[in-house]
């Protein structure tokens, strides 16, 4: 057997979950190989400089987006003009919306603590809030509570803060059961729904954590688990001061730093390496077949970790190794998509304090326009928080408006959102439309690999250890893991590494 092609563990995909599990295995002395089909790490947490788009062209950009379940639905001006005039130069565009929960003080911090930190990664904290009926209500950040929400709750005898405090008194078994309970059901039972202001505000927070519009489908248990295990310890440490934040110079800087950490620990990452098959011998994985730029090859390992969306598992491993019911369940797990626009602005038409916030609204377009539920928005002037992502004197507007996977592929519905968004912003901030230099309308049909719904959240996702093929593991946001976005993928990677190593990394 060739030692050069033999590894202790092979990770398929250098997305956030794959990087997390790979780093922890390498830190424990395992010989690790990560195989990534693209030329950069990050998975759906990719970043692209505007100059690179102009230099490499639209076909390249479209192909890159497509690899991460994203397409360009439109633009203003047209794409050819944007490229020819190099209007994107000086901007850094993440693929999708990548604000980080608690400015990285959730499971991301737990992971960084495990690997000795990532001091080279800049993080820029931001406060978040909801915009409702002409007023802004701030999200809870650490011990900071919006005084107006406190007043409304006190006068109406509404247990507003139960949303944040109830989780700390629950057992993990209680939280497991609450995974199947919706935010709306919980809020109705608590009496939260008596105040439209408080219900609306907590609805915006719940959608922020779940990427689901319908409050009747958002898993309250998934949110409560995150509060109890990711946030409570950070409150005790005094490091939970922000509702969100952005990684300096784009989300991919975090992935690049982790990739370098893996190399420093003796691990190996090969880019432009597309896995075509997971090899199985007598019920146990034996390695993978890979397409490299120089041709096809095989790498051997007794442990293979798949970090691709679980729904695509059977594209690289024969379905015959799995029970039919299990395979069907995995294939039919649904994600959630999003309209994720970018706009280059020539000035700010909102107060600076609001420009630096992540602001949320529960209805940009109503359900009556043909959607599964009212379409929500969370938007930032990202460059007001992290100036590195826009050229001097310019500003980068980013947002996400959740839609179902099916809606994400419906061009007619997406066109409605595209045309509505500038009008919506103009209604709140007159002069907004005139401040737009350019707009890119991107749509991601798998922003969240498995939607955190009452039928799929947390423990209901794919187990990290395969019950059917020995040595096969799963990581990423479609496998068992908790929290929001990057934190969810990190948590899954830590749980997966713990299963492989027989070690507890503290993720609950």
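Values in this text are rule-based calculations from the coordinates and carry no lab data. Note that the coordinates shown come from a computational prediction; the quantities given were computed from them, not determined experimentally. Note that each Cβ is placed from the backbone with ideal geometry, even for glycine, and that neighbours are counted across all protein chains shown.
Results, tabulated for the structure shown:
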item: Rg and Dmax of segment 164-320, Cα atoms only, in Å; result: 21.9, 64
item: Sorted peptide list for 401-410, 427-436, criterion being average Cβ within 10 angstrom, highest first; result: 401-410, 427-436
item: Least to most buried among 197, 285 (fewest other Cβ within 10 Å first); result: 197, 285
item: Beta bridge orientation in the chain: antiparallel %, DSSP, nearest 5; result: 75 percent
item: Ranked list, fewest to most other Cβ atoms within 10 Å of each Cβ, for 227, 474, 505; result: 505, 227, 474
item: Cα convex hull of segment 139-237 - mean projected area over all directions, nm²; result: 6.0 nm²
item: Compactness index (Cα Rg / 2.2 N^0.38 Å), segment 307-347; result: 1.94
item: Highest average packing first - 302-308, 291-297, Cβ atoms within 10 Å; result: 302-308, 291-297
item: Helix-only mean residue ellipticity at 222 nm for the chain, each DSSP H run of n ≥ 4 adding -39500 (n - 2.57), per residue, nearest 500; result: -9500 deg cm²/dmol
item: Relative packing of peptides 173-180, 376-383, 251-258 - highest average C-beta neighbours within 10 Å first; result: 376-383, 251-258, 173-180
